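What follows draws every value from the coordinates through simple rules; no lab data is involved. Quick caveat, the model's predicted, so the values are computed rather than measured. Because the Cβ atoms are built from the backbone with ideal geometry, glycine has one as well, and the counts that use them run over all protein chains shown.
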Amino acid sequence: METAVNNKINHQAELQGSVALIVALVSFSMLFATLFLGYSVFRLTSDMWPPAGMARIPLTIPTLSTVIVLVSSAFAWILEKSGYERKSMSFYFISFFTGIGFVVCQFYLWNMLKTIGVFTNSGIYPSMIYAFTWIHTAHMVLGLIAFIYLGFLLFKNNWILDDSIKLQKANSVLRFWHFLAVIWLMMYALLFVL
Amino acid sequence: MAFFEQNIHHPPKTFLSKYIFSYDHKVIGKQFLWYGIFFLLVGGLMALMIRWALAYPGEPFPVIGQFLFPTSNGVIPPDTYAMLFTMHGTIMIFYAITPILIGAFGNFCIPLMIGARDMVFPLLNMLSFHIAAVSGFILLASLFVPLGAAAGGWTSYPTLSTLIGSPGTGQTLWSLAIFVLGVSSTMGAINYITTIITLRAPGMGYFDMPLTVWGLGLTAVLNAIFLPVLGAGVLLLIFDRVFGTTFFLAGAAATTGTGDPVLFQHVFWIFGHPEVYILILPAWGVVSDLLSFFARKPAFGAKATALSMTTITILSTLVYGHHMFTTQMSPLLTQTFMTLTMTISIPSAIFFANWLGTIWKGSIRFTSPMLFSMGVVFVFGLGGLTGLYLGTVTTDLYLHDTYFVVGHFHYTMAASVLLGSFAAVYFWMPKMFGTMMCEFWAKVHFWITMLGLNGVFMGMLFMGYAGMHRRLYNPFVYDFLNKLVPINEFTTISAIVMGFAQIIFVVNFVHAVFFKKEKASDNPWEVGTLEWTIPSPAPNYNFKEIPVVKCGPHELGNPALTNGRDFQYQTEELARG
């Protein structure tokens, strides 16, 4: 009887958690989709790209960011697959600190842009690079705050997430993290590479 | 749907936990209601100022004019006029209608009508109100900054809204307020959708939900998808204004490369057209239910009504281009958008016919909620029909940017939604606050509002058809508009009458909430949806036992009723055979 009730509660938490997460991710996607819509309008109507004879942005720092965010996402995935056990604590910390590393990288990127003389008001291409990375980094900071929350959740429960409400919360944090990594990949490809 | 465990909240003990930091969806609903009514009065006062300037240009605004505009001797100055119509639109759409219908009644009705004890995420719900409060504060603060509030129209088109068009922090604060409000509404939407999907009482399928919940649910879907689009738009606008990016600057203003002011229009209307359905869908839902409840008949074609509302929700995402026929789109595009727009009239006609079918041969009880609902049927009919002229490219090219547009969207978004909100307030008053509002004064309120409102918006349609443009400070500097002075005076007098009629509502409402001794019965309107099975006002845990649903929401006058009443609670089974 008790297991039946528990199963019911588990099912409820999973369903509610996933519905809410799906709706939230749809909302976030629409925000970024709007940015990419703007990008495509400018890109498709521009005679040359980058416009007005601007130089391309050196790829070193963006590529480094991409590698870092992929590493972070990969370790987050391993953390989830390992079932949040104590022995996978290092995965949590690697993922978290690489996340911080990504944000630091973005600051280096903005600094580098400033040094090579690319400012927000230098036209539409730099505008997009700055605005898109600002918005994405703001979300990464949100993601890091969620990661700290995940840390609290794990340490408070002694690295045993035995009920599915907690498990759902932990999984949601990581899914948001993967989502941001995917958005960054798109930004990297569209803004810097292509 | 599986039956889910739901905890019973402990009743809050302190003032703060009961009224300010409440997790209870009913209290959050009431917070949104007061918030909305406050902004409704602010926005209404602004509307009166706009109307005054149009009917009596150059004359000081009576009574408070000297105090508000001392430098111009009480006359509304031209730049202030632009701020007034901008802030009137913004406040009414985002800070009055949205909080009242979606914030207040969404929060209040959804859990009660689907038989849940609260929303799925009470904390998120509380934050959603507090973030909305922050946003309202930012918006009000923007009225007091140097160079004044935003003045680029509620649509905030660049270049009116860039630093060139409106220097000063007013427009920046406006954009920030809208972004913050968007966050709040998105949080609300996540809550509504999850609640409707997972917390319906056992036995309640989607078509057993009252149509109010359908309307609110579809609104939440549109909110979750399209508010972030506007969010991105205003963020880029803020970046343009504060950090010097060049998204919406064109030509010489941008030093290299080019921005595109029209891009903002696209982004705005991708959000903006669903937004008008965000505003009207809850009102449609409420009216569909109330017509059935007070005609004492099942809602005619309730399933078709629900499905046509869903169809409209989907179609509403595909028609935004009809706001931009005059931006030199390719004719192929304008015709496509026109065709899609016209398609919306099919589902609209279906549920409109269903409304008429519902009251056809009903034994109608002309209570105040019913009067307001029938008012919605009338004004929405007019509003919908005038929409056809604006959705058609050929007529829109002439009517674009005239008062015909203003009249049209006031009929659909202001008149219908306002009357729908009043219907909802009068109807759910006993369940919200435990008292009934005075029926006599409610009916007086209805008739004066209805006449005043039609005077205002019909007048707008006529003057627009005669060619008067919107947003002009003094249209009568143009000779061809001089003949429109009398109709402008008529419209303004109607607006003043309608404005003063709202005092009746406020007095009636405040009296019923705070001073009325006589308690309402549990089911004063004799209807069978779940919220009427519990005491009035609703206890903090809503349902002591989670109800089990056995029939639909509109089983009024059904021959298979078993209890000798002409309605049946949703927890009761219909007779078989």
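Here are the numbers:
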item	result
Breaking point among (1) in contact (Cβ under 8 Å) with a residue 12 or more places away in the chain; (2) more than 11 Å from chain B (Cβ to nearest Cβ), for A:I135	(2)
Positions within segment B:159-186 being within 14 Å of chain A (Cβ to nearest Cβ), part of a loop (DSSP other than H, G, I, E, B) and surrounded by fewer than 24 Cβ atoms within 10 Å (Cβ to Cβ), in sequence order	B:L163, B:I164
Condition met for A:V19 (within 11 Å of chain B (Cβ to nearest Cβ), under 19 Å from A:Y130 (Cα atoms), surrounded by fewer than 19 Cβ atoms within 10 Å (Cβ to Cβ) and β-branched (V, I, T))	no
Pair list, Cβ under 7 Å, 6 or more apart: segment B:164-187 residue within 21 Å of B:L101 (Cβ to Cβ), other residue among the acidic types (D, E) and crowded, with 24+ Cβ neighbours inside 10 Å	none
Residue match in segment A:115-131 (condition: in a helix (DSSP H, G or I), away from every other protein chain (no Cβ under 12 Å) and without any contact (Cβ under 8 Å) to a residue 60 or more places away in the chain)	yes
Residue selected from segment A:54-76 under the condition in contact (Cβ under 8 Å) with a residue 12 or more places away in the chain, surrounded by fewer than 16 Cβ atoms within 10 Å (Cβ to Cβ) and within 16 Å of the chain's Cα centre (by Cα), by the criterion farthest from A:F119 (Cα to Cα)	A:L70
Residue among A:I94, A:I61 that alone is of a type in the set (A, V, I, L, M), away from chain B (no Cβ under 12 Å) and more than 25 Å from A:K156 (Cα to Cα)	A:I61
Positions within segment B:106-119 being closer than 20 Å to B:P547 by Cβ and assigned to a helix (DSSP H, G or I), in sequence order	B:N107, B:F108, B:C109, B:I110, B:P111, B:L112, B:M113, B:I114
Scope segment A:153-165; condition within 17 Å of A:R86 (Cβ to Cβ), over 21 Å from the mean Cα position of the chain (by Cα) and part of a helix (DSSP H, G or I); matching residues	A:F155, A:K156
Extreme residue, nearest to B:F179 (Cα to Cα), among residues of segment B:234-250 that are at the interface with chain A (Cβ under 7 Å from one of its Cβ atoms) and assigned to a helix (DSSP H, G or I)	B:L235
Candidate set from segment A:42-52 (those that are part of a helix (DSSP H, G or I) and buried (at least 16 other Cβ atoms within 10 Å of the Cβ)); member that is farthest from the chain's Cα centre (by Cα)	A:A52
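Residue by residue, here is whether (1) farther than 30 Å from B:K550 by Cβ; (2) assigned to a loop (DSSP other than H, G, I, E, B); (3) among the hydroxyl-bearing types (S, T, Y) holds:
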{"site": "B:T80", "(1), (2), (3)": "yes, no, yes"}
{"site": "B:I97", "(1), (2), (3)": "yes, no, no"}
{"site": "B:L127", "(1), (2), (3)": "yes, no, no"}
{"site": "B:L139", "(1), (2), (3)": "yes, no, no"}
{"site": "B:A149", "(1), (2), (3)": "yes, yes, no"}
